[in-house]
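Written below as structure tokens is the structure these notes are about.
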């Protein structure tokens, strides 16, 4: 906003690119820029749909009968956080090193927070785009959430799924007693990713 002391004053708005308005004559070609005069002594500048490129110093220059006066204001443009790039879903072998990437834009610079979506929901905080998992285990498989946040607007959140392959481990094997001529059930359960195939042998015969 800019105000003058009397109507005879000559006023101009300038920025780093040059003159925007001289009096009521518009020099700028930007259609978003306009004067706001709610009373005869007001000479304010309005910018519609502000963009990051509008950031910078703006000067209201007033030529009076006595001496010139200038008023300067610096426009700071804030931008909500937006995740621009995140790792694709990946499949790795247990024991591998994994690096997940999450890049975000915003002003002020967004703070990146990684979280493993488990019942405990362990968080990995810091202003880092990269989450490194050394020697990943089967318990560390699942979805990982990246959150980019600043104080301008709600956080932007995206997820990436990490699948961890590991070899079969027999978790349960039960014998069963059955009388001659009756049905017998032999149980074998195993844990593995991907899902294992089962084969039964008797005396080395499949």
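The values are calculated or read from the model by the stated rules, or taken from the named source; none is laboratory data. Everything numeric in this text was worked out from a predicted model, so none of it was measured. Glycine gets a Cβ as well: all are built from the backbone with ideal geometry, and neighbour counts include every protein chain shown.
Assorted remarks:
For (1) surrounded by 15 or more Cβ atoms within 10 Å (Cβ to Cβ); (2) closer than 30 Å to residue 16 by Cα; (3) modelled with pLDDT of 90 or more, each residue gets a yes or a no:
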residue	(1), (2), (3)
74	no, yes, yes
80	yes, yes, yes
104	yes, yes, yes
108	no, yes, yes
118	no, no, no
125	no, no, no
133	yes, no, yes
143	no, no, yes
146	yes, no, yes
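- Residues of region 1-26 classified as in a loop (DSSP other than H, G, I, E, B), touching a strand residue (DSSP E or B) at 6+ places or on another chain (Cβ under 7 Å) and more than 23 Å from residue 77 (Cα to Cα), total: 4
- Look at region 54-68: where a residue is over 21 Å from residue 17 (Cβ atoms) and a partner is in a loop (DSSP other than H, G, I, E, B), sitting 6+ places away or on another chain with Cβ atoms under 6 Å, you get 64/9.
- For residue 196: the one exception among (1) surrounded by 10 or more Cβ atoms within 10 Å (Cβ to Cβ); (2) assigned to a loop (DSSP other than H, G, I, E, B); (3) at pLDDT below 90; (4) assigned by TED's automatic domain parsing to the domain that holds residue 99: (4)
- Matching entry among 169, 137, 113 (being within 29 Å of residue 193 (Cβ to Cβ) and surrounded by 13 or more Cβ atoms within 10 Å (Cβ to Cβ)): 113
- Taken over region 31-58, the criterion of being surrounded by 13 or more Cβ atoms within 10 Å (Cβ to Cβ) and under 11 Å from residue 11 (Cβ atoms) is satisfied by 35, 41, 42, 43, 44, 45.
- Those strands (runs of 3 or more DSSP E) lying entirely in region 62-125 with at least 1 residues closer than 17 Å to residue 161 by Cα: 79-86, 90-93, 98-107, 111-116, 123-125
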